[in-house]
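Below is one structure; the comments refer to it alone.
Quick note: the coordinates plus some simple rules give every number you see, no bench work behind them. The shown structure was predicted, so the numbers you read here are calculated from the model rather than taken from an experiment. Every residue, glycine among them, receives a Cβ derived from its backbone with ideal geometry; neighbour counts consider all protein chains shown.
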Amino acid sequence: MFIIQDAAARGFTAVYGPPGSGKTSVAAKLADKVANRVLWISTNETPAALRGTFLRVGASADKFYVFDFPRSFRGNIAKFIADHIHEYEALVVDTVNGIAPREEKLEELVHGFLYQLSKDMPIIAVVEGAPKQVFYIADNLIRVSYKENALGHTVRYIKLVKSRFAPPSERYLFDFLEGVGLVYIYLNKKPMVTKTALPEDASLLGVEELYRSQIVGIYGADKRKLAEKLEELAASREVFYLSLFPPTTLPAELDEDKMRVATTFRDIVEVMYNIYSGRIKPKVLAVSGLRDLERLLGNDVVDYVNAVASVARFVDYVADFELDGGGGWVTETFLDAKIRV
């Protein structure tokens with residue numbers, strides 16, 4: 001998330017959002033990117049618990065010097081920071097609400113103390129609630145949020161709401177992957193499609209033209225015929241198959257290491273990351289289940305569509321295998337071509 005990391009590299013950055021959205025994890029990843037010695041003031045978590053957070057997001061735990069203060073000692077926190085800040089390259093306060101005895105005092109501490117420090121080094125503050133005075137003061141304002149959809153999947157979002165150093169960003173999907181850290185889904189932009197034709201695959205799929213990075217919908221009433229088309233495609237190109245909703249899984253003869261049945265949204269993010277990073281290198285990403293998801297989720301299926309579409313520029317093309325049925329307006333809008341078998 002280069003635009004967010006770049007913005008957080010200077011000034012006073014406030015990270016806010018509901019409990020459990022990942023504010024502390026995001027703050028840790030940002031701090032890891034902007035400095036080598038980070039003073040971390042905690043009013044919530046112990047150093048041991050935070051070390052686990054650092055490792056979880058792929059941050060170097062050795063960069064962080066954690067001091068935890070019970071909130072009953074908040075009057076001492078500002079003095080401790082002032083006495084020791086010269087030893088570090090950046091400061092994280094988690095949460096900034098915990099250093100002030102009253103809300104009106106918070107504005108004074110943030111503006112008169114932390115904001116002044118941010119002129120010399122990056123300051124990142126995790127914020128509880130929505131104290132408007134802190135948001136107004138911040139150079140960079142980052143919102144982290146999440147929702148649990150009708151499938152019970154947790155879908156996470158991040159957005160640079162404002163910055164004095166960069167334009168606001170769009171809202172990005174992201175999640176935490178074990179051993180990797182934070183992984184972001186970058187929305188696919190149609191202008192990025194490479195106009196290099198794949199004539200042999202166009203003939204195979206029954207379309208007149210097929211270009212790299214396009215998304216092809218393959219529809220039919222017979223699951224067996226769809227599976228045969230998938231097997232035919234796999235015989236021609238290196239395919240990775242992702243079932244987004246298990247009842248639609250096609251009975252294709254694919255190796256176990258070339259397919260994944262997603263049971264959480266994080267599973268989908270992991271597959272996308274593995275393709276982004278080159279851990280797996282398919283020529284084609286084949287998916288199924290988007291129509292079923294739309295029938296269950298309505299417009300919330302957009303999150304799944306965006307995740308799938310994001311990988312198009314990393315593969316020759318994406319093939320969306322679907323059984324005929326009701327619904328599908330949202331999931332069909334991102335197709336570049338459509339065929340029926």
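Details
- With both residues required to sit in the chain, DSSP beta bridges show an antiparallel share near 30%.
- Bridges between two residues of the stretch 190-340, per DSSP, are antiparallel at a rate of about 5%.
- Cα-projected label distance for Ala9 with Asn44, points at 7 Å along beta-carbon direction, nm: 2.7
- Peptides 155-167, 58-70 ordered by average Cβ neighbours within 10 Å, highest first: 155-167, 58-70
- Order of Leu230, Leu296 - criterion: other Cβ atoms within 10 Å of each residue's Cβ, fewest first: Leu296, Leu230
- Measuring nothing but how far apart in sequence close Cα pairs (under 8 Å, 6+ apart) lie, relative to its length, the chain scores a relative contact order of 17 percent.
- The alpha carbons of the stretch 35-74 give a radius of gyration and a Dmax of 10.5, 32 Å, in that order.
- Here the simple spin-label model places points 7 Å from the Cα toward Cβ, and for Glu148 and Asn36 these points are separated by 4.4 nm.
- Per residue, the Cα convex hull of the chain amounts to 136 Å³.
- Asp320 long-range amide H proximity, modeled H, under 5 Å: Val216, Gly217, Ile218, Val287
- Taking the stretch 2-185 and dividing mean pair separation by its residue count, relative contact order in percent (alpha carbons under 8 Å, at least six apart): 31
- Residue-by-residue Karplus 3J(HN,Hα) for the stretch 92-100, coefficients 6.51, -1.76, 1.60, Hz, glycine and proline x: 10, 10, 10, 9, 5, 4, x, 9, 10
- Among beta bridges that DSSP assigns inside the stretch 2-185, antiparallel share in %, nearest 5: 45
- Most tightly packed first, judged by the mean number of other beta-carbon atoms within 10 Å of their residues, the peptides 174-183, 250-259 read 174-183, 250-259.
- Calculated on alpha-carbon atoms, Rg and Dmax of the stretch 190-340 in Å: 13.9, 36
- In sequence order, the stretch 245-255 has phi-based couplings of 8, x, x, 8, 3, 7, x, 7, 8, 10, 4 Hz under the Karplus curve 6.51 cos²θ - 1.76 cosθ + 1.60, θ = phi - 60°, and Gly or Pro positions carry x.
- Normalised by 2.2 N^0.38 Å, with N the number of residues, the alpha-carbon radius of gyration of the stretch 66-188 equals 1.22.
- Centre separation in Å (Cα based) which lies between the stretch 263-291 and the stretch 198-213: 22
- Set Lys33/Lys283; Lys195/Lys283; Lys63/Lys105; Lys23/Lys283; Lys229/Lys281 screened for pairs whose C-alpha atoms are more than 25 Å apart: Lys33/Lys283; Lys63/Lys105; Lys23/Lys283
- With contacts taken as Cα pairs under 8 Å and at least 6 residues apart, the stretch 190-340 reaches a relative contact order of 35 percent.
- With θ taken as phi - 60° and the Karplus curve 6.51 cos²θ - 1.76 cosθ + 1.60 applied, the whole-hertz 3J(HN,Hα) list for the stretch 135-152 is 4, 5, 6, 4, 6, 10, 10, 10, 9, 10, 8, 7, 9, 9, 7, 5, 7, x Hz, x standing for glycine and proline.
- Other-chain or far-sequence residues with amide H under 5 Å of Val261's (modelled H): Ser243
- Protection proxy ranking of 110-117, 318-325, by the mean of other Cβ atoms within 10 Å over each peptide's residues and highest first, is 318-325, 110-117.
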